[in-house]
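To keep things clear, I will list the structure first and then write my remarks on it.
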Amino acid sequence: MKIETQCLHEGYEPKNGEPRVVPIVQSTTYCFDSTEHIAQLFDMPTEYMYSRFANPTCDAVEKKIAALEGGSGAMLTSSGQAASLCAVLNVCKAGDSFIAVSTIYGGTVNLFSVTLKKFGIECVWVSPDATDAQLKKAFKRNTKAVFGETIANPALRVFDIERFAKIAHEKKVPLIVDNTFATPVLCRPFEWGADIVIHSTTKYMDGHALQVGGVIVDGGTFDWAASGKFPEFTTPDESYHGVVYTRDFGNMAYIIKARMQLMRDFGCYQSAHAAFLLNLGLETLAVRMKRYCLNASIVAEYFKCSDKIAAVTYPGLPENGDRALVQKYLGDGCSGVITISIKGGRAAAIRFMDSLKLASNVVHVADIRTCVLHPASATHRQLTDEQLAAAGIDGGMIRFSCGLENVEDIIADIEQALAKV
């Protein structure tokens, strides 16, 4: 099936007389005929036994997202941050390190630089423009993964997935890609060598700002045994009575390990009702992404013509510095997110944002409604000046997320707000 059809039909196929729409299974608990059956599940929880592990509604949505990305399996989480955390912790432990691109989302920078450091896990930062030699130099003997964003939030740098994947695989570690802004409609990182894909489903996948969520998708292609760096995948897990993930679960070793260890212990699950709402968003994802991209391309051109705008960053602009990467990875569009820098710095940016009437000033992005945010004051507030510069953020920067309104109305709102700057 093409992706438009997959958005509607993957993950759930009703049997004779069953509901056409994915039902909400609002239950924590499942009944069994024998104590022995439950005992077996505690050795290997491959059926529904408790909704912290798995739930039929969540399972249907996980299957759909795995199909959209072209992966072997998926696990919903309570947030995108939980997905980032579990994706890394599934391969890293105290004493390990991993590499991340410096332009990624500010909340993830804080997670990697501060919180994981307390766990004894080091994040080594590299520029998205690092040469192959510089990137290879960043690897250490204890490096266990590489992490990047398809389209960085809010710097909008485009990640060279294939190049980073090649080097990661030379070093026998997986590449983890946050595909939130692109979604599988615009880019499928597994096709370019990525091994694990994550999303904040709160954004385009949901689309309606209804619930926070995340997902981890296993590509099913990384050879954990051949790498030799991941004994926790290839040796018995005593917390599950000797399960060996590569032996017992094959190309789903990564995602099953995440569920059996991290979801079991952290409990960062997505509720059945949240998954049901997420599925409604997924059903229109392919249609919505086309409109987001169209609106953003028109609005970006409008911003370029204003003498009050110092800079416009949108990967789809012909003069964008990542144009070659856009043509390679994002041929169908570059999402609805634009970053601009207003002349006059922070004060002018805030005056513009507070003057908008149609666009919402919110801590959110990638919604059906146009929304704006000032990264230096909000999502990246905790970063130092040096970290802000590394992430490509200045005081005048605004993240402008085009919604699905008529583009003429979006531009009229921008025009009246700029008149007050």
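Ranked by the mean number of other Cβ atoms within 10 Å per residue, highest first, peptides 394-407, 258-271, 317-330, 75-88 order as 75-88, 394-407, 258-271, 317-330.
When the alpha carbon coordinates of the chain are projected onto the principal axes, the ranges are 72, 56, 35 Å, largest first. Normalised by the number of residues in segment 287-419, the mean separation of alpha-carbon contacts (under 8 Å, six or more apart) gives a relative contact order of 29 percent. Rounded, prolate or oblate: which fits segment 1-136 when a ≥ b ≥ c are the square roots of the eigenvalues of the alpha-carbon gyration tensor, with rounded for a/c under 1.5 and prolate only if a/b beats b/c? Oblate, because a/c is 1.5 or more while a/b does not exceed b/c.
Counted over segment 287-419, the DSSP beta bridges are approximately 85% antiparallel. Relative to the longest principal axis of the chain, what angle (0 to 90°, nearest 10) does the C-alpha long axis of helix 407-418 take? Taking Cα atoms only, the helix is inclined about 60 degrees. The apolar share of the surface of segment 25-127, taken as the fraction of accessible area on carbon and sulfur atoms (1.4 Å probe, ligands and nucleic acids excluded), comes to 57 percent. Using R0 = 45 Å, the C-beta based FRET efficiency linking Arg141 and Leu210 works out to 0.50.
Computed over the chain, relative contact order equals 17 percent, with contacts defined as Cα pairs under 8 Å that lie 6+ residues apart.
Near the amide H of Leu404, within less than 5 Å, lie the amide hydrogens of Arg369, Thr370, all on another chain or at least 5 residues away, with H placed in the peptide plane. Distance between the pseudo-spin-label points of Phe266 and Arg20 (7 Å out from Cα toward the beta carbon): 3.9 nm. Once Rg and the Kirkwood radius are both taken over the C-alpha atoms of segment 109-224, their ratio Rg/Rh works out to 0.96. Which aspartates and glutamates does Lys343 reach when only Cα atoms under 12 Å apart count, and residues fewer than 8 places away in its own chain are ignored? Here the aspartates and glutamates satisfying the reach criterion relative to Lys343 are Asp307, Asp394.
Over all pairs of different C-alpha atoms, segment 287-419 has a mean inverse distance whose reciprocal, the Kirkwood radius, equals 15.0 Å.
Roughly what angle does helix 56-69 make with the longest principal axis of the chain, taking Cα atoms, 0 to 90 degrees, to the nearest 10? Between the helix axis and the principal axis of the chain, the angle is about 60 degrees. Centre-to-centre separation between the Cα atoms of segment 292-369 and those of segment 228-259: 44 Å. Residue-wise HN-Hα couplings along segment 139-150, as the Karplus relation 6.51 cos²θ - 1.76 cosθ + 1.60 with θ = phi - 60° gives them from phi, are 6, 10, 5, 9, 6, 10, 6, 10, 10, x, 10, 3 Hz; Gly and Pro carry x. Annotation: per residue accessible area for segment 287-419 equals 42 Å², rounded to a whole number [probe 1.4 Å, protein chains only]. Mean residue ellipticity, 222 nm, helices only, the chain: the sum of -39500 (n - 2.57) across DSSP H runs of n ≥ 4, divided by residue count and rounded to 500, is -10000 deg cm²/dmol.
By the rule of a C-alpha distance below 17 Å, with chain neighbours fewer than 8 residues away ignored, the lysines paired with Lys137 are Lys166, Lys171, Lys172. Average accessible surface for segment 1-93: 51 Å² per residue, computed with a 1.4 Å probe over protein heavy atoms with every protein chain in place.
Between the helical axis of 272-283 and the longest alpha-carbon principal axis of the chain there is an angle of about 50 degrees. Cross-link reach is defined here as a Cα-Cα straight distance under 25 Å, omitting same-chain residues fewer than 8 places apart; for Lys2 the lysines meeting it are Lys15, Lys63, Lys64, Lys203, Lys290, Lys328.
The values are calculated or read from the model by the stated rules, or taken from the named source; none is laboratory data. This one's a predicted model, so the numbers in the text were calculated from it and none came from an experiment. Cβ sites come from the backbone with ideal geometry, for glycine too, and all protein chains shown count toward neighbours. All accessible areas refer to the heavy atoms of the entire protein, side chains included, with ligands and DNA or RNA removed. Shrake-Rupley method; radii C 1.70, N 1.55, O 1.52, S 1.80 Å.
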